[in-house]
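The values are calculated or read from the model by the stated rules, or taken from the named source; none is laboratory data. What you are looking at is a predicted structure, and each value in this text was computed from that prediction instead of being measured. Note that we place each Cβ from the backbone using ideal geometry, even for glycine, and neighbour counts take in every protein chain shown.
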């Protein structure tokens, strides 16, 4: 599987809104039909999912029957959706069924290299190396850039081969020529794959950055240093869907003694100590760090921020990412010093810190309680206010969209029955997901028909996406007052959703600048540099909501900017939620 990643992606699938379901047909087959007034083709994957109780041979036969008898009624040209249906089976340990789905795809779409790649992966999972090798070789023959297939072919042909890990490569040095060739390849690939690579940076500035990086290459440059330079190039296109996989790999490969040995939190430009770790007695919780190894915190952050991908010119995302990965990012920015010296506000002399002994990245916010699930609903003590928490829109037609829809339907029945007058929708930490889930929620909130997308463009697209058609609100849409909680982590589909909430003035927005907006370069193509083997991910399509009057450079802005102080953070006070609750009482 060469071109799919789930976290933080916008994969546009075709779903069937308001479809009728016929049951009791021959062999207990469930068939979804399109209402005559709906111009959207039905999802063939929804049909297959509805018939998961049937043997896979009967599902494949049903696909072929419907394709022959009703070719215009279903979205047979959408390979992505059928691919994900097959992978859902594979990831669910239904390997034999996945093989049959991928065999179907190879038969129906023999000119698509990715289908042979997927079939090869399924055969490999089943332990059939001979058939796996044959399909991976076919995929590589059709697509010589498919490095994943290339790697599998090499491993299958060379039993016992163990590839070098990134951790083992941390201090490895490549030649100047290899590094520079990789930088040229990186530039060319970004410009070729990304449909909006030069939207937020000029061609002149982009190419100047590449030449600047090539000039910095030395005979001593390590793999880790090179990755840090590549990160700046990738982040320069200002796209949240284009990255090196966030910072996880860089963090994992970093030796513990080289890390910055204090856990910190950045709040409103001030860097506070959260946990002294091995330096208790030298620094204290809530101390403000002013400089590290002689570099002012402000300058250090500017250097780090240039390496953190975000949408447009949004900095809230960068702050959150720094707070997650700060102990590692500081080490990379300072080129892995063996010792760290800090100056602390209110202290006359600098402090030399003890080396780090443990790895401790800091995710989440202890003040934001949640319920441990991506979807939660809770009525507040007054009985007239409630909080609907949506930490993810990652619900897809090929997997679990029905779970999401059932939850929303049941929740809004409870809201209506309970006479809820104030509904707080908490979208903090929501990294995005499917447009279908976003649209479904809007249909519970909107009071008039709406169109979700103004643009939905991807390579090979033949049919309109669901969001390009007019959407009808449900008959019982919410009638009370709405409040939306947002943060810089809100990405992708969350930006589309909030842009329409902003456009249609659905409610009051509380928090900080959202990490996304109406404009989204979405999807991802996985790429790899030829010499250093650095992996990176490039957006490959464009999806824009109908809130086109909003600026593309900034995230959705709140009506009330509310941030958490260091004291509230340490005391676990959810400042944003409490502010919204205060608004419901006014």
*Taking segment 146-162, which residues are more than 18 Å from residue 244 (Cα to Cα) and either surrounded by 10 or more Cβ atoms within 10 Å (Cβ to Cβ) or under 26 Å from the mean Cα position of the chain (by Cα) (or both)?*
149, 150, 151, 152, 153, 154, 155, 156, 157, 161
*asked:* Whether any residue in segment 237-254 is assigned to a loop (DSSP other than H, G, I, E, B) and over 26 Å from the mean Cα position of the chain (by Cα) is what I want to check.
replied: no
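Would segment 406-425 turn up any residue that is outside any strand (DSSP E or B), closer than 30 Å to residue 238 by Cα and out of contact with any strand residue (DSSP E or B) (no Cβ under 6 Å at 6 or more places or on another chain)?
Of all residues in segment 406-425, those outside any strand (DSSP E or B) come to 406-421.
Keeping just the survivors that are closer than 30 Å to residue 238 by Cα gives none.
No, segment 406-425 contains no residue that is outside any strand (DSSP E or B), closer than 30 Å to residue 238 by Cα and out of contact with any strand residue (DSSP E or B) (no Cβ under 6 Å at 6 or more places or on another chain).
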*From 480, 460, 467, 490, grab the single residue that is more than 19 Å from residue 394 (Cβ to Cβ) and buried (at least 16 other Cβ atoms within 10 Å of the Cβ).*
480
*asked:* Criterion first (modelled with pLDDT under 85, within 25 Å of residue 540 (Cα to Cα) and surrounded by 16 or more Cβ atoms within 10 Å (Cβ to Cβ)) does residue 83 satisfy it?
replied: no
*Give me the pairs: first residue in segment 63-88 and on the phi < 0 side of the Ramachandran plot, second residue modelled with pLDDT of 85 or more and part of a strand (DSSP E or B), beta-carbon distance under 9 Å, and six or more apart or on different chains, which are they?*
80/458
*Which residues, taken from segment 261-287, are closer than 15 Å to residue 346 by Cα, within 32 Å of the chain's Cα centre (by Cα) and surrounded by 17 or more Cβ atoms within 10 Å (Cβ to Cβ)?*
271, 272, 273
*asked:* Restricting to segment 369-418, and then to whatever is in contact with a helix residue (DSSP H, G or I) (Cβ under 6 Å, 6 or more places away or on another chain) and under 27 Å from residue 569 (Cβ atoms), can you tell me which residue is surrounded by the fewest Cβ atoms within 10 Å (Cβ to Cβ)?
replied: 375
_Pairs, first assigned to a loop (DSSP other than H, G, I, E, B) in segment 569-582, second loosely packed, with under 15 Cβ neighbours inside 10 Å, C-beta under 9 Å, six or more apart_ = 572/366; 572/369; 573/565; 573/567; 574/369
